[in-house]
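**Student:** Just dropping this structure here.
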Amino acid sequence: MNFFTRLVVDFAYFLNASIAYQRQKRFFYDVLENDKYPYKKHFDIFMIALIFSSVAILIVEVKSEINIYLKIFNIYVISIIFLVEYVLRFWISSSVSDMIIKKSEHAVALGRKFYLYKALLSAAKEKLRFVLSIKAIIDLLAILPLFHELRLLRLFVVFRVFKLFRYTKSFQAFASVLATKKFEFFILFIFSSIVIFVSSVLVYVMEAQNPKSPINTLFDALYWSIVTIATVGYGDIVAVTTEGRMVAIFVIIAGISVLAFTTSIVVSAFTEKLDEVREIRTVDTIRGLKHFYLICGYESVAQEVVKKLKNTKYGVIVLDEDAQRVENAKKDGLIAINYDPGDVESYEKLGIDINLQVKTILCLRESDIENVYTTLTVRSISKDVNIISLLMDDANRKKLIFAGANEIFYPKGLVGMIAKELTGRPVAFEVIHALRNDYYGVDVEEILVDERMSQNILYVSELNCAKFRIILLGIYKKNTKRFFFNPLEETMLESGDYLLFIGNNAFMGEFEKYLHKKIRR
Amino acid sequence: MKKAALIFGYNDYALEIAKNLKSGYEKVTIYALGSEVDALKNSHDVEIKSFDLSDNWSNIDEDTDRENSIAFCVLEDSAENIFLTISLRSSFENLNIIALSNNKQTASKLQMAGANKVIPLVQTTAEMIAEMLQKPIVKEVFHNILFQNSTLKIAQVKMNEGNIYVGKEISEIDWSIKYGVVVLALVHKDMSSEFIYSYKIKHHIIDKDDVFIVVGYAKDIKEFEEMTGSRCD
């Protein structure tokens, strides 16, 4: 390896090892290409706004003189932003240093001589693939108005509209749906081309020599043919001879066939792909949620849990392998997706950050086998996420714990405990039940003592519960993880503590406002 | 005559109920529909008898106080469970019947059939799960008060005639400071309960036989009972 090659390879290793360089590249990749990156949508909206403003300026410019600043903005500012974007996309499209390292290590491993030009050629091929892609060509055309001295190039502003494809998912979905019918469209194109060609020539031959006919050139014939086959029929150019009209009948019939065929291709493409398009939409919506509960299995308990969670500040997402249950969830107004909760791939397809986005995963299938499987799957992805599971048979409790469930609900055991209370202290049980379920307008609330509240209110005596006719049931101390019932007036409040209050709903709301407003004297 | 718990239906629910009631009743019997009894499941050695859905209740022991006992209808088939409830109610007018339901529709039918109390299984489980998610500390505290052997207890305390609080307005009294108990609700003589935080109860004059639902440590509740009346759990 000569000195220069050695230098280039070393530099490639340096770039690959450089945290700052990789961080920058990663950042631009996220902003430009990574749909999961939360700030990408802001960038997309910014670019869409630029495109529309650019086209709007072009339209206004046609019939009136526009402000010089607007001109500068349109020609230079927008074009330069697009140029920078193009360069960045070119940069992140592939890694030259990666390619050099890969080829160099490959050569070393096989004991062959390393040729730098071969590695650079491979890297150039990768870059060329980007440059020749449809999206990159549109991007390049959108930059051309920068050279506005050439009047024709100014018209390339219109190409900026095509850039919308890049930023709008609906267009991409539409294009991908139609792309599935490439073969059918190709057949249609060939058929239409033959009909147009044959009919243009025929009508030209029949009509061109007739002085009364408006078809005088082959272009007129071609125009007439396309207008007729499209079933538009402007009527500005018509066939006047009998022979020409015979050709027209043939083209009209062919036109109806082409239209019907086109419609059927588009409709069938959308029918076949509609579920996929909807799925993409649902996944995007889920990715966009900041925090949510993930319900795995939408059976009777899950349906009731969802009703109870309707006022939650977090979203509720349903994952179920059964299409009918997913439909039921959708009918109940939920975001639901037909993925198997027991399959790791489902979570990969969702593309969510389980630790950050998911508050709790609820395994609510009425089958212990399914719940254990789902719990194990989720636990294999995340060690920390909170998992609550339903238990149908007490014999499987250990399995669920072993799989990693944090909390287990065993309805049968609950029935036993309720039975005991109902026979022992029925009224007390009913009172607690009513309290927990916000019956009669009386509710029990837990309020977190935040940093500000702990600075404003130092002791229990300062809570002023009597004024709001609220009762402080107790304090849950974060540091000791203990509940202190009916605390003394001089008990100190600390940030992170939870206060349990019982009181009338209306007073409770006012009381909460008071707690957060109170300013220390 | 023995005060008994009669559990109709042989399944996990019945066994869980039997396990929890064993200490509180002189006699706990599970009645299995038909003859299919899986003896292996019965790890708590509860007496098991068979029954059918005819109105022949001769297999309920003669020494059982049928009118004052408690019956649990826990058949897994909703229609059979409703039929059983109607049969029991038509035969024993004063029997306290608690029935298990799997959905709202069955719950209202069971009530129409004569059940004194219906446990809506799905709703109750869902309520607890939702509470666990939204108010985990409330769930923990109440669950411990109700179902676990926590030091914190809930009790129903009846006001005896002649205690110092009879004749006083509720708003004048603060038992949380004096006895360390928190009053949740007042139960009137007609057994209708009212939360202590409602508007009109503030001016309620305490009368003898008023029942208060209080939460507190066992020792404090005992002291409160001694001063005000008697426990009526």
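The values are calculated or read from the model by the stated rules, or taken from the named source; none is laboratory data. Just so we're clear, the structure is a prediction, and the values are computed from it rather than from any experiment. Glycine also receives a Cβ, built like all others from the backbone with ideal geometry; neighbour counts cover every protein chain displayed.
**Student:** How many residues does segment B:1-11 contain that are surrounded by fewer than 17 Cβ atoms within 10 Å (Cβ to Cβ) and at pLDDT 70 or above? Show your work before the answer.
**Tutor:** Step one: list which residues in segment B:1-11 are surrounded by fewer than 17 Cβ atoms within 10 Å (Cβ to Cβ), which gives B:1-3.
When the remaining residues are screened for being at pLDDT 70 or above, the result is B:3.
Of the residues in that region, 1 qualify.
**Student:** Given segment B:64-144, what helices (runs of 4 or more DSSP H) lie entirely inside it while holding 1 or more residues that are more than 14 Å from chain A (Cβ to nearest Cβ) and without any contact (Cβ under 8 Å) to a residue 12 or more places away in the chain?
**Tutor:** Numbers: elements: B:78-91, B:104-112, B:121-134.
Ranges flagged: B:78-91, B:104-112.
**Student:** Taking the residues in segment A:268-301 that are small (Gly, Ala, Ser) and within 18 Å of A:LEU364 (Cβ to Cβ) as candidates, determine which candidate is farthest from the other protein chains (Cβ to nearest Cβ).
**Tutor:** The initial filter retains those residues of segment A:268-301 that are small (Gly, Ala, Ser), namely A:268-269, A:288, A:297, A:300.
Within this subset, residues satisfying the condition of being within 18 Å of A:LEU364 (Cβ to Cβ) are A:297, A:300.
Numbers: A:GLY297: 13, A:SER300: 5 Å.
Ranking the qualifying residues of segment A:268-301, first place goes to A:GLY297.
**Student:** Please count how many residues of segment A:192-236 are part of a helix (DSSP H, G or I) and of a type in the set (S, T, N, Q). Spell out how you get there, then give the answer.
**Tutor:** From segment A:192-236, those part of a helix (DSSP H, G or I) are A:192-207, A:218-229; that's our starting set.
So of that shortlist, the ones also of a type in the set (S, T, N, Q) come out as A:192-193, A:199-200, A:225, A:228.
Of the residues in that region, 6 qualify.
**Student:** Keeping to segment A:302-323, report how many residues are at the interface with another protein chain (Cβ under 10 Å from one of its Cβ atoms) and either closer than 21 Å to A:ASP368 by Cβ or among the basic types (Lys, Arg) (or both).
**Tutor:** 8
Residue by residue, here is whether (1) modelled with pLDDT under 90; (2) surrounded by fewer than 19 Cβ atoms within 10 Å (Cβ to Cβ); (3) within 17 Å of A:GLU430 (Cα to Cα) holds:
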{"site": "B:SER78", "(1), (2), (3)": "yes, yes, no"}
{"site": "B:THR85", "(1), (2), (3)": "no, no, no"}
{"site": "B:ALA99", "(1), (2), (3)": "no, no, yes"}
{"site": "B:ASN102", "(1), (2), (3)": "yes, yes, no"}
{"site": "B:ASN116", "(1), (2), (3)": "yes, yes, yes"}
{"site": "B:ALA130", "(1), (2), (3)": "yes, no, no"}
{"site": "B:LEU152", "(1), (2), (3)": "yes, no, no"}
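**Student:** Let me ask something additional. Step by step: first the residues of segment B:146-175, then only those that are among the β-branched types (Val, Ile, Thr) and more than 7 Å from every other protein chain (Cβ to nearest Cβ), then the one that is nearest to A:TYR410 (Cα to Cα). Which residue is that? Spell out the reasoning first.
**Tutor:** As a first pass, look at segment B:146-175 and keep what is among the β-branched types (Val, Ile, Thr): B:151, B:154, B:157, B:164, B:166, B:170, B:173.
From what is left, the residues that are more than 7 Å from every other protein chain (Cβ to nearest Cβ) are B:151, B:157, B:164, B:166, B:170, B:173.
Details: B:THR151: 24, B:VAL157: 32, B:ILE164: 46, B:VAL166: 44, B:ILE170: 40, B:ILE173: 41 Å.
Step by step, filter segment B:146-175, then rank; the result is B:THR151.
**Student:** Restricting to segment A:7-57, count the residues that are assigned to a helix (DSSP H, G or I), small (Gly, Ala, Ser) and free of Cβ contacts under 8 Å to residues at least 24 places away in the same chain.
**Tutor:** Going through segment A:7-57, the residues assigned to a helix (DSSP H, G or I) turn out to be A:7-17, A:19-32, A:40-57.
The next check asks that each one be small (Gly, Ala, Ser); those that pass are A:12, A:17, A:20, A:49, A:53-54, A:56.
Now narrow it down to the ones that are free of Cβ contacts under 8 Å to residues at least 24 places away in the same chain: A:17, A:20, A:49, A:56.
The qualifying residues number 4.
**Student:** Across segment A:341-359, what is the number of residues that are small (Gly, Ala, Ser) and at pLDDT 90 or above? Give the derivation first.
**Tutor:** Keep residues of segment A:341-359 that are small (Gly, Ala, Ser), which gives A:342, A:346, A:351.
When the remaining residues are screened for being at pLDDT 90 or above, the result is A:342, A:346.
Total satisfying the criteria: 2.
**Student:** Answer yes if at least one residue in segment A:437-445 is touching an Asp or Glu at 6+ places or on another chain (Cβ under 7 Å) and at the interface with another protein chain (Cβ under 9 Å from one of its Cβ atoms), and no otherwise. Steps first, please.
**Tutor:** Keep residues of segment A:437-445 that are touching an Asp or Glu at 6+ places or on another chain (Cβ under 7 Å), which gives A:437.
Cutting the leftovers down to at the interface with another protein chain (Cβ under 9 Å from one of its Cβ atoms) gives us A:437.
So far as segment A:437-445 goes, yes, one or more of its residues are touching an Asp or Glu at 6+ places or on another chain (Cβ under 7 Å) and at the interface with another protein chain (Cβ under 9 Å from one of its Cβ atoms).
**Student:** Go through segment A:463-516 and tell me which strands (runs of 3 or more DSSP E), entirely inside it, have 3 or more residues that are buried (at least 20 other Cβ atoms within 10 Å of the Cβ), within 13 Å of chain B (Cβ to nearest Cβ) and not aliphatic (A, V, I, L, M). Quick ask: steps written out before the conclusion?
**Tutor:** On the way: elements: A:470-477, A:482-485, A:498-504.
Result: A:498-504.
**Student:** Give segment A:192-217 a look and list any residue that's closer than 26 Å to A:THR262 by Cβ and exposed (fewer than 14 other Cβ atoms within 10 Å of the Cβ), or say none.
**Tutor:** Of everything in segment A:192-217, those that are closer than 26 Å to A:THR262 by Cβ and exposed (fewer than 14 other Cβ atoms within 10 Å of the Cβ) turn out to be A:SER193, A:ILE194, A:PHE197.
**Student:** For segment A:344-386, enumerate the residues that are among the acidic types (Asp, Glu) and closer than 23 Å to A:VAL305 by Cα. Give the derivation first.
**Tutor:** First, pick out the residues of segment A:344-386 that are among the acidic types (Asp, Glu): A:345, A:348, A:353, A:366, A:368, A:370, A:384.
Result: A:GLU366, A:ASP368, A:GLU370, A:ASP384.
**Student:** Let me ask something else about it. List, please: which pairs have Cβ atoms under 8 Å, are six or more places apart or on different chains, and start with a residue in segment A:408-428 that is at the interface with another protein chain (Cβ under 7 Å from one of its Cβ atoms) and in contact (Cβ under 8 Å) with a residue 12 or more places away in the chain and end with one that is of a type in the set (S, T, N, Q) and part of a helix (DSSP H, G or I)?
**Tutor:** Short answer, once both residue conditions are applied: A:PHE409/B:THR125; A:PRO411/B:THR124; A:PRO411/B:THR125.
**Student:** With the structure loaded, tell me whether A:ILE401 is β-branched (Val, Ile, Thr) and either outside the structural domain of A:LEU362 (by TED's automatic domain parsing) or in a strand (DSSP E or B) (or both) or whether it fails that test.
**Tutor:** Working: β-branched (Val, Ile, Thr): yes; either outside the structural domain of A:LEU362 (by TED's automatic domain parsing) or in a strand (DSSP E or B) (or both): no.
Taking the combined requirement at face value, the residue does not satisfy it.
**Student:** From the set of residues in segment B:12-57 that are modelled with pLDDT under 70 and polar (S, T, N, Q), which is surrounded by the fewest Cβ atoms within 10 Å (Cβ to Cβ)?
**Tutor:** Filtering segment B:12-57 for residues that are modelled with pLDDT under 70 and polar (S, T, N, Q), the one surrounded by the fewest Cβ atoms within 10 Å (Cβ to Cβ) comes out as B:SER35.
**Student:** Can you tell me which residues in segment B:175-188 are of a type outside the set (A, V, I, L, M) and more than 12 Å from B:PHE224 (Cα to Cα)?
**Tutor:** Taking segment B:175-188 and keeping what is of a type outside the set (A, V, I, L, M), we get B:175-176, B:178-180, B:188.
The answer is B:HIS188, and nothing else.
This table checks each residue for (1) under 30 Å from A:ASP353 (Cβ atoms); (2) touching a residue at least 12 places away in the same chain (Cβ under 8 Å); (3) out of contact with any helix residue (DSSP H, G or I) (no Cβ under 7 Å at 6 or more places or on another chain); (4) assigned to a helix (DSSP H, G or I).
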residue: A:ILE59; (1), (2), (3), (4): no, no, yes, yes
residue: A:ILE78; (1), (2), (3), (4): no, yes, no, yes
residue: A:ILE92; (1), (2), (3), (4): yes, yes, no, yes
residue: A:MET99; (1), (2), (3), (4): no, yes, no, yes
residue: A:SER104; (1), (2), (3), (4): no, yes, no, yes
residue: A:LEU120; (1), (2), (3), (4): no, yes, yes, yes
residue: A:ALA123; (1), (2), (3), (4): no, yes, no, yes
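**Student:** Within segment A:154-167, is even one residue modelled with pLDDT under 85, assigned by TED's automatic domain parsing to the domain that holds A:VAL31 and not in a helix (DSSP H, G or I)?
**Tutor:** Yes, segment A:154-167 contains at least one residue that is modelled with pLDDT under 85, assigned by TED's automatic domain parsing to the domain that holds A:VAL31 and not in a helix (DSSP H, G or I).
**Student:** Would you point out which residue out of A:ASP368, A:ASP340, A:ASP393 is in contact (Cβ under 8 Å) with a residue 24 or more places away in the chain, of a type outside the set (A, V, I, L, M, F, W, C) and in contact with a strand residue (DSSP E or B) (Cβ under 9 Å, 6 or more places away or on another chain)? Please lay out each step first, then the result.
**Tutor:** Working: A:ASP340 fails: in contact (Cβ under 8 Å) with a residue 24 or more places away in the chain; A:ASP393 fails: in contact with a strand residue (DSSP E or B) (Cβ under 9 Å, 6 or more places away or on another chain).
The match here is A:ASP368.
**Student:** What residue, of A:LEU414, A:LEU422, A:LEU376, is at pLDDT 85 or above, within 26 Å of B:GLU76 (Cα to Cα) and not polar (S, T, N, Q)? Outline the logic, then answer.
**Tutor:** On the way: A:LEU422 fails: at pLDDT 85 or above; A:LEU376 fails: within 26 Å of B:GLU76 (Cα to Cα).
Result: A:LEU414 is the single residue among A:LEU414, A:LEU422, A:LEU376 that is at pLDDT 85 or above, within 26 Å of B:GLU76 (Cα to Cα) and not polar (S, T, N, Q).
**Student:** Determine which member of the set A:ASN67, A:ASN34 is under 27 Å from A:ARG129 (Cα atoms) and polar (S, T, N, Q). Even if it seems obvious, please write down each step before you answer.
**Tutor:** Values: A:ASN67 fails: under 27 Å from A:ARG129 (Cα atoms).
The conditions single out A:ASN34.
**Student:** Considering only residues that are exposed (fewer than 11 other Cβ atoms within 10 Å of the Cβ) and more than 28 Å from the chain's Cα centre (by Cα), which ones fall in segment A:11-25? So that I can check it myself, show each step before the final result.
**Tutor:** So the first thing to find is which residues in segment A:11-25 are exposed (fewer than 11 other Cβ atoms within 10 Å of the Cβ), and the list is A:17, A:19-20, A:23.
The answer is A:ALA17, A:ILE19, A:ALA20.
**Student:** Within 28 Å of the chain's Cα centre (by Cα) and assigned to a helix (DSSP H, G or I), is that true of A:TYR86? First the steps, then the outcome.
**Tutor:** Details: within 28 Å of the chain's Cα centre (by Cα): yes; assigned to a helix (DSSP H, G or I): yes.
Yes: the conditions hold for A:TYR86.
**Student:** So A:PHE183 ticks every box in (1) surrounded by 11 or more Cβ atoms within 10 Å (Cβ to Cβ); (2) in a helix (DSSP H, G or I) but one. Which box is left unticked?
**Tutor:** Unmet condition: (1).
**Student:** Restricting attention to segment A:310-351, which residues are assigned to a loop (DSSP other than H, G, I, E, B) and over 20 Å from the mean Cα position of the chain (by Cα)?
**Tutor:** Applying the first criterion (assigned to a loop (DSSP other than H, G, I, E, B)) to segment A:310-351 yields A:310-314, A:320-322, A:332-334, A:338-343, A:351.
Selection gives A:LYS310, A:ASN311, A:THR312, A:LYS313, A:GLU321, A:ASP322, A:ASP332, A:GLY342, A:ASP343.
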